[in-house]
Each structure stands twice: as structure tokens, then as C-alpha cells.
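For reference, the structure discussed in these notes is given below.
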Amino acid sequence: MTTTETPFVLRIDDPAAVASPLLGGKFGSLAEMTAAGFAVPPGFGVTTSAYRYFLAESGLADAARAVRAEARGADLARVQELSAQFSAEIEGATVPPALEDAVRSSYARLEREAGTADLPVAVRSSGESEDLAGASFAGQYDTFLWIRGADDVLTHVRRCWAGMFGPAVLTYKPEATADAALADHGICVGVQRMVEARSAGVMFTLDPVTGDRSKVVVEGCWGLGEGVVGGGVTPSRFVVDKVTFEVVKRELTPQESAYGVDPATGAVGLVPVAEDRHELPCLTEEELDALARLAKRIERHRGAPQDIEWAVSEAGEVFVLQVRPETVWAQRRAEQLVAKPKSAVGHVLARFSGTGVASGNRSS
């Protein structure tokens with residue numbers, strides 16, 4: 001299970017997971033939320049140590065450094081060539097037996113706990129470099145939805161590792177310093193039970209357009225949250241007063257299709273919304289109130305404005321899927337506060353979506 005004393009796999013409900021750099025930014029936040037008692041779907045991280053062990057044991061560590069070094073001075077065509085070649089090497093490499101066993105046993109435990117064979121999971125990249133000050137790599141990496149079976153989990157773990165060498169990552173230039181781009185950052189891959197979402201989306205503990213901290217803004221849609229974060233569905237939008245929890249603004253969008261699992265193929269994509277839901281809001285008044293109160297509690301717990309991805313199950317259970325510090329208004333200079341306000345929403349949503357959010361049946 002380990003290289004010396006460092007684990008290959010760390011569950012987010014393990015006390016050792018809280019504040020562990022082995023889980024990267026995204027999954028480390030979920031471990032913190034879990035420990036604080038928030039409703040987070042169970043899961044485990046294939047740690048940054050496991051990633052480095054894989055590269056070393058596969059003989060790819062030196063090549064990885066060489067690819068990053070060459071890409072820094074290369075044109076886009078060469079970067080794309082380097083990325084394709086090295087990504088194929090990672091995806092084709094054998095996972096060392098001890099590491100493979102750790103992933104398989106952790107996934108089997110999730111299956112047992114859920115009482116479901118081939119349990120659907122989300123497989124998400126969680127980089128050490130995500131949400132660095134002035135250098136948010138979030139949104140540069142991959143997310144895969146509705147992955148079933150240990151073999152497919154392992155395949156998509158490798159795809160997330162390969163995502164460390166995607167063109168967007170290799171060419172990303174952080175605003176703060178060159179150190180973030182030059183550093184040899186590792187990556188954790190989070191494997192987390194899917195919520196069979198009736199509704200999902202994102203919420204912000206300030207207004208992402210105006211920066212107003214007295215409001216909670218909830219954006220949601222029927223189906224999986226990829227409809228919101230990936231831009232495939234126009235969400236409904238609710239603005240809630242953070243003190244009184246009164247809904248001060250509603251922008252309802254009729255919805256005839258949603259992101260979900262196609263029963264015929266098992267793949268995630270756009271599927272029809274039940275006709276009786278086309279004109280209905282995706283959240284009840286009680287659920288909207290619960291989300292706004294949840295957002296305020298998370299902000300209070302973390303001590304600063306947050307961007308939160310959420311899901312509501314068919315049974316009405318509310319889950320926290322991702323939590324990140326808000327960065328748009330935190331980093332914006334005073335003279336920029338009124339410039340191009342619409343760009344704030346796009347920036348925030350980009351931080352939730354990966355470069356290749358897809359189902360397990362992605363062909364490349």
C-alpha cells in the first residue's frame with residue numbers, strides 16, 4: 001500500500017487526509033469538508049506519491065521532466081506533439097502491482113459500503129498546483145464521470161496522470177511567478193462515489209458578477225452538474241440574501257435536456273428531461289434554502305468566500321462535491337472592480353470544469 005511510509009491511497013474520511021498535501025488541492029478540500037461534518041460522497045485519493053512512484057517504476061520520470069522543459073520554449077504545434085506522444089506512453093504503461101492492488105481494494109471497499117457492484121464513480125484530477133496564489137491551475141486537468149469497475153477506474157487514473165501533460169497544462173503561464181510553471185508538481189486522482197443527481201450546479205458565497213458578499217448565488221439545472229460547469233445547459237439562477245435567506249432574484253430557464261447517463265450506452269451525455277419538469281424550477285424552495293444555508297456555513301467554516309459545486313439526489317439529499325476559495329474578487333485590483341463584470345462567471349465556472357470532462361466511454 002505504500003512507498004516506505006507514504007500511502008498510495010488515502011480515503012477522504014481518514015483523519016490523516018485532513019490538510020494532507022498527498023491529496024492535492026481539490027481532494028484535500030473534500031477531506032477537510034468531510035472531517036467538518038459536511039455531506040461529501042465517500043471516496044479515496046490515489047496520492048501524489050503514487051503518481052511519482054508510477055513515473056519512477058515505469059521509467060518515465062526523466063522523460064516527464066524533459067517534456068515539461070522542452071514545452072516551455074516550444075511553439076504550439078510542438079507542444080501538442082509532445083503532449084500526444086507522452087500522454088500515450090502514460091496511458092499505455094503498466095501500473096505497478098502494489099499500486100494497482102491498492103486502487104482495486106479501495107474501490108472494492110466503496111462497492112461494499114454502497115452495496116453495489118461496479119459502483120459508478122467520478123475520477124477527478126486534483127493537482128498540487130491547484131489554487132496556488134496567482135496561479136490557479138484548476139480547470140486545466142481532467143474529470144471523468146460515471147466510471148464503473150476497477151479496470152476502468154485504473155484506465156482513467158492513468159488518463160488523469162496523462163492530463164498533467166495536456167497542452168493546456170504545458171503551456172499554462174501563471175500570473176504570479178514563473179516558479180509555479182517550472183515546479184515539478186504532482187497530482188492526486190480522486191475516486192468518488194457518483195451522486196445520482198436529480199439537480200446539480202454551483203453556488204457562490206458572493207455574487208460572482210458584482211462581488212456583493214451579502215448574497216449567495218445558486219446556479220443549477222436538472223441532471224448532473226456538468227450541464228452548468230461545462231456550459232452545455234443554460235442554468236436557472238437564484239440570488240439569496242445571506243442574512244434573511246430571502247430569494248431576492250430568480251432567473252428560471254426552461255430545460256428540455258440534461259446531462260445524465262444514457263441507459264442504452266451507459267455513457268454520460270445529454271438526455272431528455274421528463275416533460276413534466278420542462279418548465280419547473282430544478283430546486284424546491286426547501287432545497288434552495290438548504291443550499292444557501294449550507295453555503296453560508298461553509299464560508300464561515302473556511303473563513304473566506306467560496307465557490308461550491310453541489311448536487312441534490314432524487315431523495316432530496318444535498319451533497320457537497322467540490323469546494324474552492326473564491327479567487328476572482330480576491331485577486332482583482334480595486335480599479336478593476338467594474339471592468340468586464342461578466343468575465344467573473346466564466347472564470348469561476350472554468351475552475352470547476354476539466355479540460356476533458358467525459359464519461360468512461362471517451363474515445364481518446
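The values are calculated or read from the model by the stated rules, or taken from the named source; none is laboratory data. Quick caveat: nothing in here was measured; it's all calculated off a predicted structure. Because the Cβ atoms are built from the backbone with ideal geometry, glycine has one as well, and the counts that use them run over all protein chains shown. Each accessible area value is taken on the protein alone, full model and side chains, heavy atoms only, with ligands, DNA and RNA left out. Shrake-Rupley method; radii C 1.70, N 1.55, O 1.52, S 1.80 Å.
Worth pointing out:
- Taking the criterion of being among the charged types (D, E, K, R) and in contact (Cβ under 8 Å) with a residue 12 or more places away in the chain, the residues of the stretch 70-85 that qualify are Glu70, Arg72.
- In the stretch 193-284, counting only strands (runs of 3 or more DSSP E) that sit wholly within it, the ones holding 2 or more residues that are under 30 Å from Arg109 (Cβ atoms) and within 20 Å of the chain's Cα centre (by Cα) span 197-204, 257-261, 268-272.
- Of all residues making up the stretch 236-267, the number that are in contact (Cβ under 8 Å) with a residue 40 or more places away in the chain, touching a strand residue (DSSP E or B) at 6+ places or on another chain (Cβ under 6 Å) and open to solvent by 30 Å² or more (accessible area, probe 1.4 Å): 2
- Whenever a residue of the stretch 292-312 is under 14 Å from Thr327 (Cβ atoms), its partners that are open to solvent by less than 10 Å² (accessible area, probe 1.4 Å) and charged (D, E, K, R), lying with C-beta atoms within less than 7 angstrom and at least six residues away or across chains, give the pairs Gln306/Arg324; Asp307/Arg324; Asp307/Arg351.
- Looking across the stretch 241-262, just one residue is among the β-branched types (Val, Ile, Thr), touching a Lys or Arg at 6+ places or on another chain (Cβ under 9 Å) and within 22 Å of Gly223 (Cα to Cα), and that is Thr253.
- Of the residues Val357, Val323, the single one that is modelled with pLDDT under 90 and surrounded by 19 or more Cβ atoms within 10 Å (Cβ to Cβ) is Val357.
- Residue within the stretch 81-95 that is within 21 Å of the chain's Cα centre (by Cα) and either open to solvent by 30 Å² or more (accessible area, probe 1.4 Å) or under 30 Å from Ser313 (Cβ atoms) (or both) present: yes
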